[in-house]
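The values are calculated or read from the model by the stated rules, or taken from the named source; none is laboratory data. Note that the structure is a prediction, hence the values are computed from the model and not measured. For neighbour counting, all protein chains shown are included, and Cβ atoms are generated from backbone atoms with ideal geometry for every residue, glycine included.
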């Protein structure tokens, strides 16, 4: 039997957590605002190996990240693809990279994406549009989407609300609608359940064959009833489990999934079968 696949997480090493979440004044304030800063701790690669075995985790995706401060209009939370690769190459068959998109890099960024896929084994892109104040349907992103189609990799979007001090309007799931129309061959994953626009996200995943809905950033006990119903019924082929680890712990999340009372077939699709369909792990 296959094991759960986490489709979206962060670089979890102590150095990365300290540098990108705790030492950065703006990002630390985000977690202090929700009472999470003191519990945010990293683990080493060796510790993660043991942790993954203990919690029964099969695979995890680690996003490189290019954040943009909306208030100060400069880069922050910059986790490079090379930093992620240093970890994924130590966890073959377990950890896979996602390329964090900076729309301002334009074609230089597209070339970097191709290198990350061909040389580092990355399996998708990750778009966090909020700080740039450019919705994911802005033309600056389009060369990345075209390259994803060419390379046969999905585009994973952090959508909905963001804890960061950024406008959330760019995270509305409806901003993915035209992308799905413009790029019908692009596999699109709308993560974070699209909250607070969960029904909007469900509508998109129901409408477009190439749009999927991910659960990262919210523990299952907080998923809206509409989301649980979608997972357990007509949407069971269009959902993917994610954690945003280390923000949500895998063992707690998996236990809470068990408590949702999902049909066995629906649960397996959520946890690994759908991910195995759309991501290339070989």
Those residues of the stretch 31-72 which are within 19 Å of the chain's Cα centre (by Cα) and modelled with pLDDT of 85 or more, in sequence order: 42, 48, 52, 57, 58, 59, 60, 61, 62, 63, 64, 65
Test set (1) within 23 Å of residue 182 (Cβ to Cβ); (2) over 16 Å from the mean Cα position of the chain (by Cα); (3) in contact (Cβ under 8 Å) with a residue 40 or more places away in the chain - residue 136 fails condition number: (2)
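State yes or no: is residue 130 over 13 Å from residue 142 (Cα atoms) and either in contact with a strand residue (DSSP E or B) (Cβ under 6 Å, 6 or more places away or on another chain) or at pLDDT 95 or above (or both)?
no
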Strands (runs of 3 or more DSSP E) contained in the stretch 28-143 and holding at least 2 residues surrounded by 21 or more Cβ atoms within 10 Å (Cβ to Cβ): 59-63, 65-69, 95-100, 124-127
Matching option when the condition is out of contact with any helix residue (DSSP H, G or I) (no Cβ under 6 Å at 6 or more places or on another chain), over 18 Å from residue 79 (Cα atoms) and touching a residue at least 24 places away in the same chain (Cβ under 8 Å), among 192, 112, 128: 192
Qualifying position, being touching a residue at least 40 places away in the same chain (Cβ under 8 Å) and at positive phi, among 8, 91, 77: 77
Within the stretch 161-176, considering residues that are touching a helix residue (DSSP H, G or I) at 6+ places or on another chain (Cβ under 9 Å) and part of a helix (DSSP H, G or I), the one nearest to residue 128 (Cα to Cα): 171
